[in-house]
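Structure record follows, encoded as structure tokens.
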Amino acid sequence: MKRPVLSLLLLLALPAGAADLADGKLTINGFGGWMTGLSNGNHYGYANPLGSDTMAEFALAVIARPVDPLTVYVQPYFLVTREGAEAELDWAYAEWRFSDLARLRLGKAKMPMGLYGEIQDVGTMRPFLMLPMGVYGPSEMFTESMQGVSLTGRVESERGWGVEYDAWLGNLSYHVASPLPGVYGGGAEQGAQPSQALGSRLALLTPLEGFRVLVSGALGRQVPEEDATLEAGEGEESPLFGFVGLSAEYMTPALTLRAEVFTRMAEEDGATQTGFLEAAYFVTERIQLGVRGELFLSSPPGIPADSLLLSHRALEGTVNYWFSRNLVFKLSYGNIYGNRFAYSADYVADHQDGSLKPRTQLVQLGAQFAF
Amino acid sequence: MTRTTFLSLFALALLALPVVAGAAEAPAFKIIVHPRNPHATLKREKVASLFLKKSTAWDDGTTARPVDLGEESATRRAFTQDVLKKSVAAVKAYWQQRIFSGRELPPPEKATDEEVLAFVRANESAIGYVSAQAPVEGVKLVTLAE
């Protein structure tokens, strides 16, 4: 209990805004949060039957402009969970601006995919504590960053029509977490899956303030484990994968509407379809209500098609209290059917004896901030 | 008073309203640039795109350097509403999205008119705004065109 209380005190002591030094040549922003949850049996996110799982996170976005066309972005990230503490580098890249239409990025950058690809950890940018699992969870659809090269740009007319694009090529590392290997064998239940891919995102900007439509896609291959016992070219498999998706967003000061649909095809994993629709509305200046429906279905070869380990259907609601645009408390309820992302600690044994609960109900509480 | 006189006075009052109303709606801010900036008039959409960094360059290709007042400033509220056509809170939300997705940084914020004036005097590609009463020696006033 001590860590969440300390985290809450930290949240309340935050500065009101970013640090802006040397006339904008150095800017420091940050974000973070804390959450915990209670479920009726299965584990889902940071909710478990005991309410004993919790997380606290913090990141500092440091942006420097040493000379005019050059910008350097660095973002260290810190996470504390029940398993321990970890620190990693979210971003570390340099950008050279040739023009508004062409900006070259080199290094480890956020993955420009979908609506939330670049802001996955910034809780003040969304109504719910957690992002939809099917698109942004451990489903090998998105990852947090890619290491390589990317090009981005934007053109917008005075009438409000415009296009913003991203094209990238690099190395990715997907976070994999699935109950399937434990039950049906083959592969690791958890871990990192390195990949190489190229991808793109195109956003259509419209004169309607707050409305945009995006198309995202990528094509890549999984990078095999190096095995010193193999001859060169022997047994080195690099299964191909690709995904494409459509996203739409409409935002006003009071209303947020977002929807995304994605399809993934992979040589070894088969097909995956997922999508969500979420809506949130400020009923008062500070109180926001939100609702989200989500669907996920996969069909890997060799797994019974009716297995609940392949599916995920979720209906969630949230009540949020915004102290300011920088700090929000969120209380959410979720009703989930399917065990792709929600399963018990002993799910292998529970699945074998038929006691794995197909339905998960949970309550999550947390706070998120940004400056 | 005869009916004709009354109607005449009423008509005169109606004609005078736009003048009176126009005078009451004089902008609460002045847009300023460096004296070497060639622009004497700028379209509202151009100024808005520079301050929201949807466009980052002047016509000659040099990088524009917009500068804001603090978010509590009444002058900023007026400028944001009249030129950007948004509230200050909406602009802050816009910048949060742009910053954390690594897209752009907002213009620097200055606490007073004097600091904005000093910034514009020191940067040839700068554009800023100050309160209507602020003295503007050493900078150039720009007229906003719709």
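Among the trypsin sites (Lys or Arg not before Pro) in the range A:245-322, which ones are in a DSSP loop with at most 13 other Cβ atoms within 10 Å of the Cβ? Mind listing them? Intermediate results must be reported in sequence, preceding the final value.
Values: sites: A:258, A:264, A:286, A:292, A:313; in loops: A:286.
Passing sites in the range A:245-322 are A:286.
In order along the range B:47-52, the Karplus-derived 3J(HN,Hα) couplings, from 6.51 cos²θ - 1.76 cosθ + 1.60 at θ = phi - 60°, round to 4, 4, 5, 6, 6, 8 Hz, and Gly and Pro are given as x.
Name the GluC sites (Glu not before Pro) in the range A:49-149 that are in a loop by DSSP and that have at most 15 other C-beta atoms within 10 Å, would you? Could you put the intermediate results ahead of the total?
Working: sites: A:57, A:83, A:86, A:88, A:95, A:118, A:140, A:144; in loops: A:83, A:118, A:140, A:144.
Of the GluC sites (Glu not before Pro), the ones in loops of the range A:49-149 whose Cβ has at most 15 other Cβ atoms within 10 Å are A:83.
Determine the dipole magnitude for the range A:28-163: charges of +1 sit on the beta-carbon of Lys and Arg, -1 on that of Asp and Glu, nothing else is charged, the reference point is the Cα centre, and the result goes in debye to the nearest 20. Walk me through the intermediate numbers first.
On the way: 10 positive and 15 negative charges, 63 e Å.
In total the dipole reaches around 300 debye.
Entry note, the range A:237-308: relative contact order of 25 percent, from Cα contacts under 8 Å with a spacing of 6+ residues. Amide H contacts of residue A:342 (H built 1.01 Å from N, in plane; Pro and chain starts excluded): no residue 5 or more places away or on another chain comes under 5 Å. Where a ≥ b ≥ c are the square roots of the eigenvalues of the C-alpha gyration tensor, would you call the range B:20-146 rounded, which needs a/c under 1.5, or, failing that, prolate if a/b is larger than b/c, or oblate? Rounded. For residue A:330, the lysines whose Cα comes closer than 28 Å to its Cα, not counting residues fewer than 8 places off in the same chain, are A:2, A:110, A:357, B:86, B:92. In this rough spin-label picture, where each label sits 7 Å from Cα along the Cβ direction, the residue A:319-residue A:277 distance is 2.5 nm. Using a 1.4 angstrom probe on protein heavy atoms only, the contact between B and A buries about 2700 square angstrom of accessible area, both sides summed. Give me the aspartates and glutamates in straight-line cross-link reach of residue B:140: C-alpha distance below 15 Å, same-chain residues under 8 apart excluded. Leaving aside aspartates and glutamates fewer than 8 places away in the same chain, those within reach of residue B:140 are B:113, B:114, B:124.
Convex hull volume of the Cα atoms in the protein assembly as shown, per residue, in Å³? The partial results should precede the final answer.
Details: hull volume 98.4 nm³, N = 517.
Here the figure is 190 Å³ per residue.
For residue A:91, the residues whose modelled amide H falls within less than 5 Å of its own, excluding neighbours fewer than 5 places apart on the same chain, are A:75.
The values are calculated or read from the model by the stated rules, or taken from the named source; none is laboratory data. Here the structure is a predicted model, which is why all the values come from computation and not from measurement. A quick note on method: Cβ atoms are made from the backbone with ideal geometry, for glycine too, and the neighbour counts reach across all protein chains shown. Ligands, DNA and RNA are excluded from the accessible area calculation, which covers all protein heavy atoms including side chains. Shrake-Rupley method; radii C 1.70, N 1.55, O 1.52, S 1.80 Å.
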